[in-house]
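A.B. asks: Below you'll find the structure I mean.
The values are calculated or read from the model by the stated rules, or taken from the named source; none is laboratory data. Here the structure is a predicted model, which is why all the values come from computation and not from measurement. All Cβ positions, even for glycine, are placed from backbone atoms using ideal geometry, and neighbour counts span all protein chains on display. Each accessible area value is taken on the protein alone, full model and side chains, heavy atoms only, with ligands, DNA and RNA left out. Shrake-Rupley method; radii C 1.70, N 1.55, O 1.52, S 1.80 Å.
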Amino acid sequence: MGKLRFLFALWMAKLSVPALKITRHNGTDFPGTLALKLCPDFLKYVGRPKTIIAVTGTNGKTTVSNLLADTLEKAGHRVLINRAGSNVASGIATALLKGCDLAGRVKDYDMAVLEVDERSSVRVYPYITPDYIAVTNLFRDSIMRNAHADFIAGIISRSVPAASKLVLNADDLISCGLAPENSRVYFGIDRLPSDTVECVNHINDVRICPKCAGKLRYEYRRYHHIGRAVCQDCGFHSPDSDYLATNVDIPGGTMTIREGGKEYPYTLICDSVFNVYNMVTVIAVLRQLGYAHDEIARVLSQSAITESRHNVEQAGNVTLVREMAKDKNALACSRVFQYIASRPGKKEVMLLMNSLTDVPHWSENVCWFYDTDFEYLADESIVRVVCTGLRCEDYKLRCLMAGVPEDRLACAKDEHDAAAMMAYEPGDELYVLYGTDTLELAYQVYDQMKDIARSRAAEQEVQA
């Protein structure tokens, strides 16, 4: 009976795909939603490739998943992936649907890279046993959903299949202890010149030893609880990395990976520390799959961060940058703010993280603003901050409290009015920061900015 229900669900879901293409909704996870509604254990029966890699964690999982899939495809594999970032059970079901025939058997694909939402672990792993599960990190996330990192760690630990090998972040004292009985390897980044000992961020979720509650001493701290620590009471310490990024030269765009006492050179594909972590995660997984360092380095040097996450473009006399900064995620926004402040030259920033899908039923809770390190935006190199959307005044208040001078601030309740409020000073970098809900809107505003930047450049050329 279960198999018959599965086949009926499969056929109905397959039939929905042409209709979605006609109505231009083919990027949705509706087929998987329909399949799971008709057959709740659909994932138990649907065919899947021989090798499965799952990627989960608070931040970076979409970037890591896409980089992994791109690299494996360049190596000659046929890879199934929920590339759009639909990482709940319905999105994974939709991806697997694509790869199977009308009998539910996998066709053509020999690998799957599945991005899995942390809380969806309980709905996915009972049916799918990944060969490898890479966990990028675990942080405090949306206050409405994933606000307690230890709570999320518990969900993942209880759900992870015993047969899955874990690829974990040695620099994260929360995620490095997941599912302790599982086989594992660790990745990390060696001490950087910018590292400190004391936490300078609002969020600091690992203050005491997770084993004995004794006092932790950080040998170095990168940001928040990321770094290398040891307990002064019981001796518990951060695990050693099997794949350690060393000699990280962000301005020079290079690093090496230390494995087994040997160093292997790599070219960086982005100039932010959080994307160095993403890159090292990918390298660790590929090494577990048996790829040689020189082959990984060659393919990664031809890769780029997913455009929906990071994109840079010259327009007129300014540089335009689209950067994902997840709304309601204080830590993701803090990382992006620090990255912008660390960049050379003058910068202008537009805050477009406006949680549009939550607007009809939002609880008016903006407490995540006060977990976010807006203080980075007070840096003298950031000459303009444009706050947008229904929460623009809340953004402005938080910026003022963080020390951003009022004459650098502007508010646009209608996001489409914000483009005209940027200064477009020649040589400036203009950042549009947006969340997962505002991607389409961000593209629209970004296009407006390109037009204005080119128009201003033309005017300046005439005046010259």
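A.B. asks: Sort out which residues of segment 225-249 are outside any loop (DSSP other than H, G, I, E, B), more than 24 Å from residue 149 (Cα to Cα) and not hydrophobic (A, V, I, L, M, F, W, C), and write them in order of number.
C.D. replies: Result: 243, 246, 247, 249.
A.B. asks: Still on this structure: Could you identify the single residue in 458, 418, 453 that is more than 26 Å from the chain's Cα centre (by Cα) and surrounded by 13 or more Cβ atoms within 10 Å (Cβ to Cβ)?
C.D. replies: After ruling out the rest, the residue left standing is 453.
Quick grid of which residues meet (1) out of contact with any helix residue (DSSP H, G or I) (no Cβ under 7 Å at 6 or more places or on another chain); (2) surrounded by fewer than 24 Cβ atoms within 10 Å (Cβ to Cβ); (3) under 25 Å from residue 277 (Cα atoms); (4) charged (D, E, K, R):
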position: 41; (1), (2), (3), (4): no, yes, no, yes
position: 52; (1), (2), (3), (4): yes, yes, yes, no
position: 61; (1), (2), (3), (4): yes, no, yes, yes
position: 65; (1), (2), (3), (4): yes, no, yes, no
position: 78; (1), (2), (3), (4): yes, yes, no, yes
position: 83; (1), (2), (3), (4): no, yes, yes, yes
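A.B. asks: Right, here's the next one. Of the residues that make up segment 148-166, is at least one of a type in the set (A, V, I, L, M, F, W, C), under 19 Å from residue 44 (Cα atoms) and in a strand (DSSP E or B)?
C.D. replies: Within segment 148-166, not a single residue is of a type in the set (A, V, I, L, M, F, W, C), under 19 Å from residue 44 (Cα atoms) and in a strand (DSSP E or B).
A.B. asks: Sort through 167, 185, 160 and tell me the only one that's within 22 Å of residue 335 (Cβ to Cβ) and either buried (at least 22 other Cβ atoms within 10 Å of the Cβ) or touching a strand residue (DSSP E or B) at 6+ places or on another chain (Cβ under 8 Å) (or both).
C.D. replies: Only one candidate qualifies: 167.
A.B. asks: State which residue is nearest to residue 193 (Cα to Cα) when the search covers only segment 274-304 and only residues that are surrounded by 21 or more Cβ atoms within 10 Å (Cβ to Cβ) and of a type in the set (Val, Ile, Thr).
C.D. replies: 280
A.B. asks: Since residue 372 meets every condition but one in (1) at pLDDT 95 or above; (2) more than 30 Å from residue 457 (Cβ to Cβ); (3) part of a helix (DSSP H, G or I), which condition does it not meet?
C.D. replies: Tallying (1) at pLDDT 95 or above; (2) more than 30 Å from residue 457 (Cβ to Cβ); (3) part of a helix (DSSP H, G or I), residue 372 fails exactly one: (3).
A.B. asks: Do we find that residue 344 is open to solvent by 20 Å² or more (accessible area, probe 1.4 Å) and at pLDDT 90 or above in this structure?
C.D. replies: yes
A.B. asks: What pairs come out if I take residues in segment 140-157 that are under 15 Å from residue 59 (Cα atoms) and pair them with residues that are aliphatic (A, V, I, L, M) and in a helix (DSSP H, G or I) whose C-beta lies under 8 Å away, six or more apart or interchain?
C.D. replies: Close Cβ pairs satisfying both conditions: 140/149; 140/330; 140/331; 141/149; 141/152; 141/331; 146/152.
A.B. asks: Within segment 365-396, how many residues turn out to be over 18 Å from residue 343 (Cβ atoms) and either surrounded by 14 or more Cβ atoms within 10 Å (Cβ to Cβ) or touching a helix residue (DSSP H, G or I) at 6+ places or on another chain (Cβ under 8 Å) (or both)?
C.D. replies: Count: 15.
A.B. asks: Mind telling me which of the residues 64, 55 ends up being among the aliphatic types (A, V, I, L, M), at pLDDT 90 or above and not in a helix (DSSP H, G or I)?
C.D. replies: 55
A.B. asks: Would you confirm whether any residue within segment 203-222 is β-branched (Val, Ile, Thr) and either modelled with pLDDT of 95 or more or assigned to a helix (DSSP H, G or I) (or both)?
C.D. replies: no
A.B. asks: For segment 421-430, state whether one or more residues are part of a helix (DSSP H, G or I), at pLDDT 95 or above and open to solvent by 70 Å² or more (accessible area, probe 1.4 Å). Spell out the reasoning first.
C.D. replies: Looking only at segment 421-430, we keep the residues that are part of a helix (DSSP H, G or I), and these are 421.
If we keep only those that are at pLDDT 95 or above too, we end up with 421.
Now drop any that are not open to solvent by 70 Å² or more (accessible area, probe 1.4 Å), which leaves none.
No - not one qualifying residue is present in segment 421-430.
A.B. asks: Just to check your reading of the model, which residue among 32, 76, 91 is in a loop (DSSP other than H, G, I, E, B) and out of contact with any strand residue (DSSP E or B) (no Cβ under 6 Å at 6 or more places or on another chain)? Give the steps one after another, and end with the answer.
C.D. replies: Working: 32 fails: in a loop (DSSP other than H, G, I, E, B); 91 fails: in a loop (DSSP other than H, G, I, E, B).
Sole residue among the options that is in a loop (DSSP other than H, G, I, E, B) and out of contact with any strand residue (DSSP E or B) (no Cβ under 6 Å at 6 or more places or on another chain): 76.
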